[in-house]
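Asks: Structure below; questions to follow.
The values are calculated or read from the model by the stated rules, or taken from the named source; none is laboratory data. Keep in mind that this is a model prediction, so the values were computed, not measured. Here the Cβ positions follow ideal geometry from the backbone for every residue, glycine too, while neighbour counts run over all protein chains shown.
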Amino acid sequence: MIRNYAALRQARLLPCAALAAAALSAAAASAEEHAVAAKAGSLGLGVEYAHSVGDRWALRLGWNGSRLGFDAEESDIDYDFDLVWDSLVVGGDFYPTGGPLRIFAGLLRNDNRLEAEGRLGDEITIGDTTYDADAVGALAGRVEFDDTAPFVGIGWDWSRRRARGVGVSFDVGVVRQGRPRVSLRAAGPIAALPEFADDIATEEAELANEIEDFDLLPFATLGVVFRF
């Protein structure tokens, strides 16, 4: 009788143990989800890797890069601008409901910048002085920001609805990249004159004031996520 009871008890415990082991295995798999994404948006084109930690947290690493050319007039000078995106991204996600909605924050290793080439006519006014364009030669500029830039945002990753496969993500947020730092340089013979250096400094300050709104950079990105 005792032997029969022991055998019956063991028979009942085996399915429970199997269910517990399956639950633990599923939890471990959920805690170690991986995903890669291809993204596009106002931070450029990018690639990203994400590692989920449980159902509500994830860590992300990524890189953004690309280039966009455009023309604009700033401080009464016509420029050919190249907007260069180049940043490394480290961030963390919190999924408050365990579903697609996420709140995120992180840091950019920020090499985003504007590169500029002045379009010179016969004359050009730099600072408060008008110069002959041949004396200036060429006018090149560069606008840079803080090397490290924090960001925050909110988004949705619909790929989380499935354990494996392809989904879509969408994020919006803002990067605080600091006050723009402007440098201008001329290639002509007048560049070595002290009074020209003063005018260049004035022009740099005016250009920085005109683009100071780049301090806070809103962004939106759309991604295709491959979860495995």
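Asks: Please determine, by comparing only the residues of region 133-147 that are assigned to a loop (DSSP other than H, G, I, E, B) and more than 21 Å from the chain's Cα centre (by Cα), which one is surrounded by the most Cβ atoms within 10 Å (Cβ to Cβ).
Replies: For region 133-147, the residue satisfying everything is GLY137.
Asks: Of everything in region 41-72 that's small (Gly, Ala, Ser) and buried (at least 16 other Cβ atoms within 10 Å of the Cβ), which residue is farthest from GLY121 (Cα to Cα)?
Replies: By that ranking, first place goes to SER52.
Asks: For region 105-125, give me each residue that is surrounded by 14 or more Cβ atoms within 10 Å (Cβ to Cβ) and either under 17 Å from GLU48 (Cβ atoms) or touching a Ser or Thr at 6+ places or on another chain (Cβ under 8 Å) (or both).
Replies: GLY106, LEU107, LEU108, ASN110, ASP111, ASN112, ILE124
Asks: Something else now. Output the residue which, of all residues in region 73-104 that are surrounded by 14 or more Cβ atoms within 10 Å (Cβ to Cβ) and polar (S, T, N, Q), is farthest from the chain's Cα centre (by Cα).
Replies: That would be SER75.
Asks: So, of the residues in region 207-221 that are surrounded by fewer than 16 Cβ atoms within 10 Å (Cβ to Cβ) and at pLDDT 90 or above, which turns out to be nearest to GLY118 (Cα to Cα)?
Replies: LEU216
Asks: Please list, ordered by first then second residue, the pairs with beta carbon atoms under 8 Å, 6 or more apart or interchain, first in region 190-219 and over 18 Å from SER42 (Cα atoms), second of a type in the set (Val, Ile, Thr) and part of a helix (DSSP H, G or I).
Replies: ILE190/VAL136; ALA191/VAL136; PHE196/ILE190
Asks: If I filter region 148-179 down to residues being more than 17 Å from the chain's Cα centre (by Cα), assigned to a loop (DSSP other than H, G, I, E, B) and of a type outside the set (A, V, I, L, M), which single residue comes out as surrounded by the most Cβ atoms within 10 Å (Cβ to Cβ)?
Replies: If we take residues in region 148-179 being more than 17 Å from the chain's Cα centre (by Cα), assigned to a loop (DSSP other than H, G, I, E, B) and of a type outside the set (A, V, I, L, M), then ARG179 is surrounded by the most Cβ atoms within 10 Å (Cβ to Cβ).
Asks: May I pose another question? Within region 45-74, track down each residue that is in contact (Cβ under 8 Å) with a residue 40 or more places away in the chain and outside any strand (DSSP E or B).
Replies: Within region 45-74, ASP55, ARG56 qualify.
Asks: I've got another one for you. Taking region 180-214, which residues are touching a strand residue (DSSP E or B) at 6+ places or on another chain (Cβ under 7 Å) and either part of a strand (DSSP E or B) or among the acidic types (Asp, Glu) (or both)?
Replies: Of everything in region 180-214, those that are touching a strand residue (DSSP E or B) at 6+ places or on another chain (Cβ under 7 Å) and either part of a strand (DSSP E or B) or among the acidic types (Asp, Glu) (or both) turn out to be ARG181, VAL182, SER183, LEU184, ARG185, ALA186, ASP199, GLU203, GLU204, GLU210.
Asks: Within region 103-115, count every residue that is in a strand (DSSP E or B) and either over 21 Å from LEU45 (Cα atoms) or in contact (Cβ under 8 Å) with a residue 60 or more places away in the chain (or both).
Replies: Total satisfying the criteria: 5.
Asks: Only one of ASP132, ASP128, ASP146, ASP157 is in the same structural domain as SER52 (by TED's automatic domain parsing) and without any contact (Cβ under 8 Å) to a residue 24 or more places away in the chain. Can you tell me which?
Replies: Working: ASP128 fails: without any contact (Cβ under 8 Å) to a residue 24 or more places away in the chain; ASP146 fails: without any contact (Cβ under 8 Å) to a residue 24 or more places away in the chain; ASP157 fails: without any contact (Cβ under 8 Å) to a residue 24 or more places away in the chain.
Exactly one of ASP132, ASP128, ASP146, ASP157 is in the same structural domain as SER52 (by TED's automatic domain parsing) and without any contact (Cβ under 8 Å) to a residue 24 or more places away in the chain, namely ASP132.
Asks: Go through region 103-153 and report how many residues are modelled with pLDDT of 95 or more and farther than 24 Å from ASP213 by Cβ.
Replies: Looking only at that region, the number is 1.
Asks: Kindly evaluate VAL224 against the criterion of being of a type in the set (A, V, I, L, M), under 30 Å from TRP158 (Cα atoms) and in a strand (DSSP E or B).
Replies: Criteria met by VAL224.
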